[in-house]
Amino acid sequence: MSMPFKLIASGLTISALAAVAAAQQPRIENGAVTAQPAGSPFAQSFRSLVSSQPDVAWIGYSVPVSDGERVMCCFDSGTTFVNGMVSNASGCCGACRLEPSNGTSTSTRTESTTPAGVVKLEGADRMVVLYRIADRKIDRVRVFSEDCRLDAGGRPVHWLENVRPADSIALLESLTTVEGDLKGRVADGAITAIALHGDPSADASLERLVAPGQPDAVRKKVTFWLGNSRGRRGFDALRRVMRDDPSIEVRKAAIFGLSQSRVPETFDTLVNIARSDNEPRLRSEALFWLAQKAGQKVSAMIADRIDQDPDTEVKKKAVFALSQLPKDEGVPLLIKVARTNANLEVRKQAMFWLGQSKDPRAVDFFADVLSK
């Protein structure tokens, strides 16, 4: 290779490395950022850095994210909520203040704006994981999209370069049962961060954390993220929980997790639970989350459970589920139950929810009943 080509190749390599380093740098303002290598072994180096902090500080790094269309930023007062998710037409986002923390909002997006106003048609493929350090220990864990602006509130930020996702997940998993984490703040953030890693080791970690023997509080949080963020493997893990787990409360949480999954078999799985699970509380829970999905298939199945389920409490929960459907679907079915169901308690429940609906058809129903 001739000298000019060597120089060009060398320059390109340096430029590529610089681009990678720049891509991993956080967009942090109002705080002194000090970059340093991740260190090895990572967990030991990280804990040494934590114990050396004389005052409040942040330690952070970036890793691949599982879903680049998910926005993890802070939004202004113009934010709207759609199906429990944050929606903001201006894209991500105002500067997120780390001190004090108001939490992280997540959303699904198809585009965002860069600082220069250029529209990005795809989301960031990395996320920022940040640890707040106070009294020489981890105080909380937060995650943000890589393209979010972060305001450190005047606190120093130690930025670790080239952290391996598997090392990050191992560290976070160790934080899910921290002594003194009475409110579960560290554990909550750690579980969230694990679930959002774009790395297969996150699946194995969550499966360990949902296993019997772990604290139920941790296991229930994990079931949500298995459904929400881990695709097919998370769905399969939740089905195993429903089949094998000894805890009714954990299985109940797993039903909520299933309701968050985008795997095609989710609907049929919830229907099967609502129809045939041996535990009435779980049949009721499945009915509730099916009602949130709405649609004619759901309303017909709920009406069938009112007629066919042997447990009165499950029937009453099914009536409540009808009240959660869009009014054009739910109100006529509630009226039918109130008129014709053989179970007095079920008819009372239907009348109660009709009264809460304030629908003109419900008013006509009560007028008809009272006139007889």
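Annotation: aspartates and glutamates with alpha-carbon distance below 14 angstrom to residue 317 (same-chain offsets under eight excluded): 279, 285, 304, 307, 309, 345.
The order of the peptides 201-209, 159-167, 337-345, 147-155 by mean Cβ neighbours within 10 Å, most packed first, is 201-209, 147-155, 159-167, 337-345.
Beyond 24 Å in Cα-Cα separation lie the following of the pairs 220/315; 183/252; 183/315; 252/316: 220/315; 183/315.
When its C-alpha radius of gyration is set against 2.2 N^0.38 Å (N residues), the stretch 227-355 gives a value of 1.05.
Here the accessible area of the stretch 122-167 is 35 percent carbon and sulfur, with a 1.4 angstrom probe and all protein chains present. Mind pulling up the Rg/Rh value for the stretch 206-245? Radius of gyration and Kirkwood radius, both on Cα. With Rh from the inverse mean 1/r over Cα pairs, Rg/Rh is 0.92.
Compared with the rule-of-thumb size 2.2 N^0.38 Å for a compact globular protein, the stretch 139-196 has a Cα radius of gyration ratio of 1.22. Heavy-atom surface analysis with a 1.4 Å probe gives the stretch 215-322 a carbon and sulfur content of 47 percent of its accessible area.
Local charge for residue 356 was computed over the other residues whose Cβ lies under 15 Å away, with Lys and Arg +1 and Asp and Glu -1, and equals +4.
The values are calculated or read from the model by the stated rules, or taken from the named source; none is laboratory data. The structure presented is a predicted model; accordingly, all values stated were derived computationally and were not measured. Ideal geometry is used to build each Cβ from the backbone, glycine not excepted, and the neighbour counts take in all protein chains shown. With ligands, DNA and RNA removed, areas are computed over all heavy atoms of the protein, side chains included. Shrake-Rupley method; radii C 1.70, N 1.55, O 1.52, S 1.80 Å.
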